[in-house]
1. Of everything in segment 138-168 that's within 14 Å of T182 (Cα to Cα) and open to solvent by 30 Å² or more (accessible area, probe 1.4 Å), which residue is nearest to ligand 1 (Cβ to nearest atom)?
2. Restricting to segment 217-259, give me the number of residues that are assigned to a loop (DSSP other than H, G, I, E, B) and within 11 Å of ligand 2 (Cβ to nearest atom).
3. Under 29 Å from A98 (Cβ atoms) and away from ligand 1 (no atom under 14 Å from the Cβ): is that true of T251 in this structure?
4. What number of residues within segment 235-246 are within 10 Å of ligand 1 (Cβ to nearest atom) and open to solvent by 10 Å² or more (accessible area, probe 1.4 Å)?
5. Take segment 184-205 and flag every residue that is open to solvent by 50 Å² or more (accessible area, probe 1.4 Å) and in contact with a Leu (Cβ under 8 Å, 6 or more places away or on another chain).
6. For the structure I just gave you, tell me whether A31 is modelled with pLDDT of 95 or more and either in a loop (DSSP other than H, G, I, E, B) or assigned by TED's automatic domain parsing to the domain that holds P174 (or both).
7. Which fully enclosed strands (runs of 3 or more DSSP E) of segment 80-157 have 2 or more residues being under 22 Å from S8 (Cβ atoms) and not basic (K, R)?
8. Within segment 177-195, work out how many residues are within 15 Å of ligand 2 (Cβ to nearest atom) and in a loop (DSSP other than H, G, I, E, B).
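The values are calculated or read from the model by the stated rules, or taken from the named source; none is laboratory data. All values reported here derive from a predicted model rather than from experimental measurement. Don't worry about glycine lacking a Cβ; one is built from the backbone with ideal geometry, like all the others, and counts go over all protein chains shown. Heavy atoms of the whole protein, side chains included, go into the accessibility calculation; ligands, DNA and RNA do not. Shrake-Rupley method; radii C 1.70, N 1.55, O 1.52, S 1.80 Å.
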Amino acid sequence: MTAATQPSIEDVVLGGIPWIPKVNFHNPFLATEVGDDFLRRFHLAAEGKLEPFILVIEGSIPNEKNKPEGYWASLGTDATTGQPITTCEWIDRLAPHAWAVIAVGTCATYGGIHAMAGNPTGCMGLPDYLGWQWKSKAAVPIVCVPGCPVQPDNFMETLLYLLYMATGHAPIIPLDEQLRPTWLFGNTVHEGCDRGGYYEQAQFAEQYGSPLCIVKLGCWGPVVQCNVGKRGWMSGIGGCPNVGGICIGCTMPGFPDKFMPFMDQPPGSLLSSAAVQTYGRAIHALRKFTQASLNKVPSWRQQGTSPGQH
Ligand code: SF4
Ligand code: SF4
């Protein structure tokens with residue numbers, strides 16, 4: 001979030017954007033208060049005394065019912081019992097009062113790495129915890145902004161959209177079936193990748209360090225919905241395949257299990273890259289001829305000639 005620029009946290013908190021309400025941030029990593037002073041706002045919110053607020057959940061949600069003793073995750077302690085307040089208890093207390101709830105990052109949205117097969121925590125994403133049909137008191141569905149980690153501007157832009165909604169300046173947020181904002185996750189990485197031209201010409205890298213398409217090294221970009229190829233990571237810089245990193249599908253609900261082993265060529269791409277190979281190389285060769293011609297100035301521009309003399 002601190003890396004976001006469209007908008008930045010400062011833009012939102014300092015009132016630099018018109019038509020949004022006054023925003024106060026209560027975040028454990030950015031707060032100046034500590035301990036009970038910091039948690040006071042959370043308790044007030046749980047008692048319904050801090051409305052309206054948007055609840056932002058980060059991190060996967062463990063199953064606290066899958067063991068006879070102990071707990072997996074908590075924040076603060078209960079004043080009356082002195083016992084830790086689990087993450088799940090906080091969600092149970094806060095979600096009913098929230099104007100909207102945003103799950104940020106693939107852990108909070110779909111479980112992520114902690115929810116891999118065989119994990120002992122029973123971790124899950126927020127829609128699996130609250131229910132995919134859950135709606136806030138303002139009738140807003142859970143909003144999921146996946147990514148491992150989340151692309152900073154994707155989150156802040158979504159938050160800004162909800163703030164516009166809250167003041168009646170935007171219609172209900174458009175979400176796909178996986179509860180992702182459609183304008184952010186409607187396209188594949190491949191459709192916005194800098195290496196797309198190489199793919200189309202069947203120019204595939206055999207090892208890292210090459211500018212060519214890295215599908216044979218394990219890139220899942222053709223089927224993964226993510227805008228990082230176009231948007232970059234911070235201030236437009238980076239973006240996994242653009243800078244040589246295979247897309248491992250971190251924004252997808254099936255991540256990570258369905259994308260492993262990461263370094264192998266995706267099974268589906270064997271067929272598609274073979275199909276591209278049949279015309280891609282021929283097209284590339286023909287383009288070389290055209291390119292050679294286009295790289296010469298027209299003959300009438302040469303000294304002593306004109307179009308009429310040809
Ligand atoms: Fe598509 Fe990946 Fe190749 Fe980019 S590097 S063109 S996303 S397969
Ligand atoms: Fe994740 Fe792939 Fe997007 Fe990179 S390009 S952020 S690996 S989904």
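1. E157
2. Taking segment 217-259 as the starting set, the residues that turn out to be assigned to a loop (DSSP other than H, G, I, E, B) are 218-220, 224, 226-227, 232-233, 235-236, 238-239, 244-256.
This time we only want the ones that are within 11 Å of ligand 2 (Cβ to nearest atom), so: 218-220, 224, 226-227, 232-233, 238-239, 245-252, 255-256.
Adding up the residues that qualify gives 20.
3. no
4. Looking only at that region, the number is 5.
5. Of the residues in segment 184-205, the ones open to solvent by 50 Å² or more (accessible area, probe 1.4 Å) are 186-187, 190-191, 194, 198, 200.
If the condition is that a residue be open to solvent by 50 Å² or more (accessible area, probe 1.4 Å) and in contact with a Leu (Cβ under 8 Å, 6 or more places away or on another chain), then Y198 is the only one that fits.
6. No; evaluated as a whole, the condition is false for this residue.
7. The strands (runs of 3 or more DSSP E) meeting that bar are 100-104, 143-145.
8. Final tally of qualifying residues: 8.
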